[in-house]
1. Starting from the Cα-Cα distance between SER17 and ALA29, subtract it from 0.36 nm times their residue separation and give me the gain in nm to one decimal.
2. Please name which of GLY53, GLN22, TYR11 has its Cα lying farthest along the dipole of region 1-58 towards the positive end, using unit charges on Cβ (Lys, Arg +1; Asp, Glu -1) and the Cα centre as origin.
3. Compute, for region 54-102, the length of the dipole vector about the Cα centre, with Cβ point charges of +1 (Lys, Arg) and -1 (Asp, Glu) only. Units Debye, rounded to 20.
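None of the figures in this text is laboratory data; all of them are computed from the coordinates on show. Keep in mind that this is a model prediction, so the values were computed, not measured. Cβ atoms come from the backbone with ideal geometry, glycine included; neighbour counts cover every protein chain shown.
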Amino acid sequence: MRSDKIQPRVYLLKTGSILRDQAGNILDARSSVTLIESERGRIIVDTGQEGDGEEILKALAELGLDGSDIDIIVNTHSHPDHCANNWLFPRALKISPNDGEEIAPGVRALATPGHSPDSISIVVDAAIHHAASHLPKGMKRSWPPRGW
């Protein structure tokens, strides 16, 4: 794991999506996959649905990384669209942080039950950066915009 002091940086590796039929039933759901670079190492938040692996690894490669560069996995809950690709990161420690628990300086868990009883969100005190090819059309490369 990295020992140098850095402000957390967040990269959107893969956007999430949901496909519904006309009645509103879910036909396909896929979580977003996010990389956080922190003092404690590289953290993947959710690893996506089966079949998303190639897209995730491509986004990591654009950042000069591969699956073995990931130190920690955090799944926001245990549904398969959030954890089916944990195997892509063979060296990573999978953690299940509690509400308010610090994962790394500037990165903490927040309990957000509802969708599932074990749901959490990850709160990061940092700017957000995106792998360029994975931005939704019209989205800027980082958030918040400069000058905000």
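1. 3.7 nm
2. About the Cα centre, the residue reaching furthest to the positive side is TYR11.
3. So the dipole magnitude of region 54-102 works out to roughly 180 debye.
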